[in-house]
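Chemist: Submitted below is the structure of interest, expressed as structure tokens.
The values are calculated or read from the model by the stated rules, or taken from the named source; none is laboratory data. Keep in mind it's a predicted model, so treat the numbers as computed, not measured. Ideal geometry is used to build each Cβ from the backbone, glycine not excepted, and the neighbour counts take in all protein chains shown.
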Amino acid sequence: MSASAHRPVGRRALVLGTAAAAGAAALGGPPTATAASTATAAAFGWSDEGTHYRVDTGAHLVFKVSKSSGDLTSLVYRGTEYQGYGGKNSHIESGLGSSTVTLRQSGSTILISVGYGTLRHHYAARSGEDNVYLWTEKADDSVTATRFILRVKAGLFRNDEPDSYTYAPTAIEALDVFAKPDGQTRSKHFSKLRVMDYTHVGWSSGGVGLWLVRSNHEKASGGPFYRSLLRHQSADGGGLYEILYYGQNQTEAQRFGLQGPYVIAFTDGGAPSPSLYPGTLTTPWADSLGIPGYVGASGRGRVAGVGIIGRDTAYPYTVGLANAAAQYWGAARASDGHFSVDGILPGAYTLTVYKEELAVYRTQVTVSAGSTTALNTIAVPATNDPGGASVIWRIGEWTGTPRGFKNADLMTYAHPSDVRAAPWTGNVVIGSGTETSAFPCYLWKDVNSGIVVHFKLTAAQAAAAHTLRIGVTTAYANGRPRIVVNDTWTSAIPAPPAQPDTRSLTNGSYRGNNHTFTYSVPASAWLTDTSRYNTLRIDVVSGSGTTSFLSAGTAIDAIDLLA
């Protein structure tokens, strides 16, 4: 990291777009590069510069695309160049190399298409707009193309947020997680947000906003709760990402086909227009462009449900649809569970109802082009929600997340070693009122394995066998819980469930495959003296992993003892 990484930053600007905060205020002074704010917009059109195609949108944006590689090599807004750092362009993955690049104009739209093996990538400009629309089609895994990265010059926007390297000169894990001198941690992985939580990502400073508005992710993988890197910034420059497929902590196979559009959008400092947001954006002007794999609105369908009963109204519910080719989701209305998911490609889908992030109902639906698949009221069986079971005690709530546990919120934007984290050790007493907040959200073999839960039983409870449940949301290196009751009864080591085989707990994600471990504890394991506390020790076992926070571990959803 260069010395500039240690200099104080005199301005800061950050906006991560969300459905709830689309108009977040921009902070900061003018860009360090001189902005020709009075530049007069030229006429809409394009030119062939020999090595590049140059496109003028007729507004305030001019961009160039390499005719040899398809890289975006220039992005000039109001006279200021925003594209590039370290001699690198903006492009698919790390750049495609020698490609076939073509351009054609159709009325008020200019389309540049890039071909590289079985991969196709497209840039579109519309007359009078400060936007670039992008589509990427990956037909198979013969080409490594999992992201588009918009590289942005250093100094134009600055921030010291979780996804910034600017104040973090010391690498502490895998050369992509860093520690600041004050002990706070930074990484491009620390986005805080699930896919369903944001519409756009970027920066705003000095009356200029630069945003990457995400697509609907219908050809991505991981579902609505997936987390991956969205943005990074360091002393060298910044990057905005549209992740087409990301293998880290991934729960689904890769999908193929045309993904998009996603949009590079410049503004006068505010958020991009909601008309560009996924779920809102319509592109009838693209219907006639001949983009392979493109399906317009008339070729799509809709699924709508009257409502969902059997919900726990204390929690939000989401409805997801998925098959091997596509994925979609939408929120269920809090009052009655009504839902509507639009813009769906025709086909058969698994429909899943999630209580927060925990699947509680599944069924099959078929979607046809140009029509709505209407569903009667969905009834979630009481037995499908583990939170409805009668218990002697419970730590946490069955939501498919570690929400409420110690350090849970912090772990979506910090490393476990972060100075802001509460101690990962410490035992728990049932009845203390702090059972959940005192129990760590993550358990590791080499960090805090062996945490003890203290609890009392009545004579009748101690005279019977009981089932103990431990719900987890993911695991690293096959970490799973084995329990010991009163130092006299030890459970078998459970088999590891299917989980992602990459880092998760240390790079901002607890999202894996929700799984419930059940243990049948015999009556002989309990203490018969009702004045004494029984003890439950939870050990993390695995033959994999390394040390410390990269030892085998798991994320906790809920722990309870059934009545």
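Chemist: Looking at (1) within 30 Å of the chain's Cα centre (by Cα); (2) on the phi > 0 side of the Ramachandran plot; (3) modelled with pLDDT of 95 or more, which is the only condition Gly58 fails?
Modeler: That leaves (1) as the condition not met.
Chemist: If you check Leu27 against the conditions, is it modelled with pLDDT of 95 or more and among the aliphatic types (A, V, I, L, M)? Break it down into steps so the answer makes sense when it comes.
Modeler: On the way: modelled with pLDDT of 95 or more: no; among the aliphatic types (A, V, I, L, M): yes.
No.
Chemist: Check whether at least one residue in the range 289-301 is in contact with a Leu (Cβ under 9 Å, 6 or more places away or on another chain), assigned to a strand (DSSP E or B) and either of a type outside the set (Ser, Thr, Tyr) or without any contact (Cβ under 8 Å) to a residue 24 or more places away in the chain (or both), and report yes or no.
Modeler: Pass one, the range 289-301, residues in contact with a Leu (Cβ under 9 Å, 6 or more places away or on another chain): 289-295, 299-301.
Within this subset, residues satisfying the condition of being assigned to a strand (DSSP E or B) are 301.
Retained after the next criterion (residues that are either of a type outside the set (Ser, Thr, Tyr) or without any contact (Cβ under 8 Å) to a residue 24 or more places away in the chain (or both)): 301.
Taking every residue of the range 289-301 in turn, at least one turns out to be in contact with a Leu (Cβ under 9 Å, 6 or more places away or on another chain), assigned to a strand (DSSP E or B) and either of a type outside the set (Ser, Thr, Tyr) or without any contact (Cβ under 8 Å) to a residue 24 or more places away in the chain (or both).
Chemist: Of all residues in the range 60-69, which are part of a strand (DSSP E or B) and not β-branched (Val, Ile, Thr)? Break it down stepwise before answering.
Modeler: Within the range 60-69, the first condition is being part of a strand (DSSP E or B), and the residues that meet it are 61-66.
Leu61, Phe63, Lys64, Ser66, listed by residue number.
Chemist: Given the structure, is Thr535 in the same structural domain as Ala408 (by TED's automatic domain parsing), surrounded by fewer than 21 Cβ atoms within 10 Å (Cβ to Cβ), in a strand (DSSP E or B) and in contact (Cβ under 8 Å) with a residue 60 or more places away in the chain?
Modeler: Details: in the same structural domain as Ala408 (by TED's automatic domain parsing): yes; surrounded by fewer than 21 Cβ atoms within 10 Å (Cβ to Cβ): yes; in a strand (DSSP E or B): yes; in contact (Cβ under 8 Å) with a residue 60 or more places away in the chain: yes.
Spelling it out, Thr535 is indeed in the same structural domain as Ala408 (by TED's automatic domain parsing), surrounded by fewer than 21 Cβ atoms within 10 Å (Cβ to Cβ), in a strand (DSSP E or B) and in contact (Cβ under 8 Å) with a residue 60 or more places away in the chain.
Chemist: Inspect all residues belonging to the range 540-553 and state whether any of them is part of a loop (DSSP other than H, G, I, E, B), under 19 Å from Thr251 (Cα atoms) and aliphatic (A, V, I, L, M). Write out each step before concluding.
Modeler: Here is the first cut: in the range 540-553, the ones part of a loop (DSSP other than H, G, I, E, B) are 542-544, 546-547, 552.
Still in the list and also under 19 Å from Thr251 (Cα atoms): 552.
Filter once more, keeping what is aliphatic (A, V, I, L, M): 552.
Yes, because at least one residue in the range 540-553 is part of a loop (DSSP other than H, G, I, E, B), under 19 Å from Thr251 (Cα atoms) and aliphatic (A, V, I, L, M).
Chemist: Only one residue in Leu103, Leu75 is more than 17 Å from Leu258 (Cα to Cα) and either crowded, with 23+ Cβ neighbours inside 10 Å or not assigned by TED's automatic domain parsing to the domain that holds Arg214 (or both), so which one is that? I'd like the intermediate steps shown before the answer.
Modeler: Values: Leu103 fails: either crowded, with 23+ Cβ neighbours inside 10 Å or not assigned by TED's automatic domain parsing to the domain that holds Arg214 (or both).
Among Leu103, Leu75, only Leu75 is more than 17 Å from Leu258 (Cα to Cα) and either crowded, with 23+ Cβ neighbours inside 10 Å or not assigned by TED's automatic domain parsing to the domain that holds Arg214 (or both).
Chemist: May I pose another question? Which members of the range 70-96 meet the condition of being touching a residue at least 40 places away in the same chain (Cβ under 8 Å) and under 17 Å from Ser113 (Cβ atoms)?
Modeler: Scanning the range 70-96 gives Gly70, Leu72, Ser90, His91, Ile92, Leu96.
Chemist: Here's something else I'd like to know. Can you work out which of the residues in the range 397-425 that are among the small types (Gly, Ala, Ser) and touching a Lys or Arg at 6+ places or on another chain (Cβ under 8 Å) is surrounded by the fewest Cβ atoms within 10 Å (Cβ to Cβ)?
Modeler: Here is the first cut: in the range 397-425, the residues among the small types (Gly, Ala, Ser) are 400, 404, 408, 414, 417, 421-422.
Narrowing the set further to residues that are touching a Lys or Arg at 6+ places or on another chain (Cβ under 8 Å) leaves 400, 414, 422.
Details: Gly400: 24, Ala414: 23, Ala422: 12.
The residue in question is Ala422.
Chemist: Still on this structure, please answer the following. Among the residues of the range 70-109, what is the count of those that are in contact with a strand residue (DSSP E or B) (Cβ under 7 Å, 6 or more places away or on another chain) and either under 30 Å from Ser288 (Cβ atoms) or assigned to a strand (DSSP E or B) (or both)?
Modeler: Final tally of qualifying residues: 27.
Chemist: Hey, does the range 157-178 have a residue that's touching a residue at least 60 places away in the same chain (Cβ under 8 Å), touching a Ser or Thr at 6+ places or on another chain (Cβ under 7 Å) and within 20 Å of Val263 (Cα to Cα)?
Modeler: yes
Chemist: Out of Ile493, Ile483, report the one residue that is touching a strand residue (DSSP E or B) at 6+ places or on another chain (Cβ under 6 Å), over 28 Å from Leu193 (Cα atoms) and surrounded by fewer than 16 Cβ atoms within 10 Å (Cβ to Cβ). Spell out the reasoning first.
Modeler: Values: Ile483 fails: surrounded by fewer than 16 Cβ atoms within 10 Å (Cβ to Cβ).
Of the residues listed, the single one that is touching a strand residue (DSSP E or B) at 6+ places or on another chain (Cβ under 6 Å), over 28 Å from Leu193 (Cα atoms) and surrounded by fewer than 16 Cβ atoms within 10 Å (Cβ to Cβ) is Ile493.
Chemist: So, in the range 224-238, exactly how many residues are surrounded by fewer than 23 Cβ atoms within 10 Å (Cβ to Cβ), in a loop (DSSP other than H, G, I, E, B) and not hydrophobic (A, V, I, L, M, F, W, C)?
Modeler: Counting residues in the range 224-238 that are surrounded by fewer than 23 Cβ atoms within 10 Å (Cβ to Cβ), in a loop (DSSP other than H, G, I, E, B) and not hydrophobic (A, V, I, L, M, F, W, C) gives 3.
Chemist: Of the residues that make up the range 186-201, is at least one over 17 Å from the mean Cα position of the chain (by Cα) and under 25 Å from Asp71 (Cα atoms)? Spell out how you get there, then give the answer.
Modeler: Going through the range 186-201, the residues over 17 Å from the mean Cα position of the chain (by Cα) turn out to be none.
No, every residue in the range 186-201 fails to be over 17 Å from the mean Cα position of the chain (by Cα) and under 25 Å from Asp71 (Cα atoms).
Chemist: Given Arg403, Arg394, which one is closer than 25 Å to Ala475 by Cα, modelled with pLDDT of 95 or more and out of contact with any strand residue (DSSP E or B) (no Cβ under 6 Å at 6 or more places or on another chain)? Steps first, answer last, please.
Modeler: Working: Arg394 fails: out of contact with any strand residue (DSSP E or B) (no Cβ under 6 Å at 6 or more places or on another chain).
The conditions single out Arg403.
Chemist: Assuming Pro497 fulfils every condition listed in (1) touching a residue at least 40 places away in the same chain (Cβ under 8 Å); (2) outside any strand (DSSP E or B); (3) in contact with a Lys or Arg (Cβ under 8 Å, 6 or more places away or on another chain); (4) under 24 Å from Gly247 (Cα atoms) apart from one, which condition is it?
Modeler: Only one criterion is unmet by Pro497, namely (1).
Chemist: Separate question: Here are some residues: Thr502, Thr518, Thr488. Which one is in contact with a Leu (Cβ under 9 Å, 6 or more places away or on another chain) and either in the same structural domain as Gln184 (by TED's automatic domain parsing) or surrounded by fewer than 20 Cβ atoms within 10 Å (Cβ to Cβ) (or both)? Step through it out loud before you land on a result.
Modeler: Values: Thr502 fails: in contact with a Leu (Cβ under 9 Å, 6 or more places away or on another chain); Thr488 fails: in contact with a Leu (Cβ under 9 Å, 6 or more places away or on another chain).
Going through Thr502, Thr518, Thr488 in turn, the sole match is Thr518.
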